[in-house]
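Asks: Structure below; questions to follow.
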Amino acid sequence: MISYILRRTFAAVILLLVVTAVTFAIFFLLPRMAGQTADQLAQQYIGKSPTQADIAAVKQNLGLDQPLYLQYWHFIKGIVVGATYDLGPTTTHCNAPCFGYSFKNHVEVWPQLTSRLPVTLSLALGAAVMWLVSGVLIGVISALKPGSFFDRAFMGVALAGVSLPMFFTGNLALLLFTYQWPIFGRTYVPFTENPAQWANTLFPAWCSLALLYSAIYARLTRSGMLETMNEDFIRTARAKGLRERKVVARHGLRAALTPIITVFGMDLGLLLGGAVITESVFSLPGIGQYAVQGITDNDLPPILGVTLLAALFVVIANLLVDLLYAAADPRVRLS
């Protein structure tokens, strides 16, 4: 087991390096290939209506006139040990991990991300619990009674949940339960200040996200359970006299969890990188809203920082999925 964990961890580190290279290429190499000059690229780090002196200072600070391999080295070095920027009369140091520096707002990106991360964590983890429990439960019930009224009704709701976009269900929830019937709060309150108000404010966003994702998990669980419950080992377990509840939970559901673990790890990793639409609809000051502000202000460092953080979460989620595979199925450890 230890050897398996070390192999997967090493692979995750290599994948992180690949991700940083791809991210660097998207933000620095592709614009050059499209004909963008160093001055035009530097302008995206300043915002709207920059002066020529500002463009020249940013181009020098970021080394945009240097070869790409040196730019990538400074990019990695900034993440590991930090970076120093000469702003004319003053010098600013971006502490490690330096995910960028907003020359427009004169703030480091990493502290902005960490201050907004609790909001995104609250949104993602709360919604994940709701959609995982409801989706798996609905999928199991539908698989045990295929073709029944409950099966058709649950799958109909699941189809509606997949079909309805977040900007529709989210705004509908706001209209009904926040404005027309003021049951839930409008302004986000941190958990440490008022846990009850924190949950009250986030509950509509949790339900909107859970409606979208639980539909996918219900269909995945149903198809996996229908396939698993017809296997020989299920018939053997029943022949041994095990209770049906134990057969379903210990043998049927456990064997059907593999695709659910995969999808859950990816979905949670992506949400931790910022639920852009949900945070915008419900006015939640999370990472996704920070990325939208960067796009609106034409401020590239926040967008770059959010992209790197989202990629980091996805890689970590994949590593945890691999470890959960090994716990759920010992055969995976031999691969």
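The values are calculated or read from the model by the stated rules, or taken from the named source; none is laboratory data. Values in this document were obtained by computation on a predicted structure and should not be read as measured data. Note that each Cβ is placed from the backbone with ideal geometry, even for glycine, and that neighbours are counted across all protein chains shown.
Asks: Tell me, please, whether a residue that is without any contact (Cβ under 8 Å) to a residue 60 or more places away in the chain and within 27 Å of Pro285 (Cβ to Cβ) can be found in segment 49-57.
Replies: Yes, there is a match, as at least one residue in segment 49-57 is without any contact (Cβ under 8 Å) to a residue 60 or more places away in the chain and within 27 Å of Pro285 (Cβ to Cβ).
Asks: Still on this structure: Considering only residues of segment 120-174 that are polar (S, T, N, Q) and more than 24 Å from the chain's Cα centre (by Cα), which is farthest from Gly265 (Cα to Cα)?
Replies: Ser148
Asks: Here is a follow-up. Quick one: which helices (runs of 4 or more DSSP H) sit completely within segment 217-284 and have at least 3 residues that are closer than 30 Å to Arg116 by Cα?
Replies: Those helices (runs of 4 or more DSSP H) span 254-272, 276-281.
Asks: Let me ask something additional. Suppose we filter segment 282-335 for residues that are at positive phi and at pLDDT 85 or above; how many remain?
Replies: 1
Asks: From the list Ser115, Ser122, which one is in a helix (DSSP H, G or I), without any contact (Cβ under 8 Å) to a residue 60 or more places away in the chain, in the same structural domain as Leu308 (by TED's automatic domain parsing) and closer than 19 Å to Val292 by Cβ?
Replies: Going through Ser115, Ser122 in turn, the sole match is Ser115.
Asks: Further question on the same structure: Of the residues in segment 6-62, how many are small (Gly, Ala, Ser) and either farther than 30 Å from Val314 by Cβ or not in a helix (DSSP H, G or I) (or both)?
Replies: Looking only at that region, the number is 8.
Asks: Looking only at segment 163-171, decide whether some residue is crowded, with 18+ Cβ neighbours inside 10 Å, modelled with pLDDT under 85 and either more than 25 Å from Asn200 (Cα to Cα) or of a type in the set (A, V, I, L, M, F, W, C) (or both).
Replies: Yes, some residue in segment 163-171 is crowded, with 18+ Cβ neighbours inside 10 Å, modelled with pLDDT under 85 and either more than 25 Å from Asn200 (Cα to Cα) or of a type in the set (A, V, I, L, M, F, W, C) (or both).
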